[in-house]
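Quick notes on the structure that follows.
What follows draws every value from the coordinates through simple rules; no lab data is involved. Remember, it's a predicted structure, so these values are computed and weren't measured experimentally. When we count neighbours, we look across all protein chains shown, and the Cβ atoms used for this are built from the backbone with ideal geometry, even at glycine.
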Amino acid sequence: MKNELIHKKKRIAQIIIIALLVLAVILYFVVPEVKSFFNKIFSIFASMNIETIAEYIRSFGIYAVIVSFFLMVFQSLVAPLPAFLITFANAAIFGWWQGAILSWTSSMAGAALCFYIAKTLGRDVVEKLTSKFALESVDGFFQRYGKHTILICRLLPFVSFDIVSYAAGLTSIGFIQFLIATGIGQLPATIVYSYVGGMLTGSVRMIVTALLILFALSILIILLKRIYNERKNK
């Protein structure tokens, strides 16, 4: 009886999520205003320009926080640009610590949504939302490093945020464990990006971005070495 109830709830959740996805697609192609809105977002994301993103968010005035939150969740779902660019923009608009809180909470919400979609709808749907090759590449990390994969990937700005979240939802990792690993992994990078991003303008950002990537690579090497040593000792 309990299993039947769980299966029924899961089936209802699947129907709701699929219905929302279908509705979003229909609205995009049928309603010109909706299509124009999302095309503008894609255009802004494609520019890879922090000033452009910040200017767009500022244009919404008192609703800028809500728009920024939406953009972070949106990029988590479809990953049109690295999340740290929005983190930079948030710091420039709201200040480094307010921007850090906004970026961290919104990225956590996006990660949770990706995880839930994968857990509810399964691999076939996730492959359509992402790609089979991308999922298989992350699968290899999960098979080799297990729960460490989430923490490692969250520290790397160039690793697709949504792919990791989707892939984690297809594993046996629990939701709470996933959130903890994501939260811990996201926090250091969010604080650093926010603090530095609030002080940067123009081409200087590109230099610092490169330095942050090198910093993230250094962390990755240290973590991989530690994991290797742990497995070797076992």
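Converting phi to 3J(HN,Hα) with the Karplus coefficients 6.51, -1.76 and 1.60 and the offset θ = phi - 60°, the range 42-57 yields 4, 5, 5, 4, 5, 5, 6, 10, 5, 4, 5, 5, 4, 5, 5, 5 Hz in sequence order, with x at every glycine or proline.
Pairs exceeding a 32 Å alpha-carbon distance, out of K35/K128; K8/K35; K40/K132: K8/K35. Once the C-beta distance of Y195 and I62 is scaled by a Förster radius of 25 Å, the resulting FRET efficiency is 0.50 to the nearest 0.05.
Extension gain for W97-I18 works out to 24.8 nm (0.36 nm per residue, less the C-alpha to C-alpha distance). Per-residue extension of 0.36 nm, minus the Cα-Cα distance of S137 and E51, leaves a gain of 27.7 nm for this segment.
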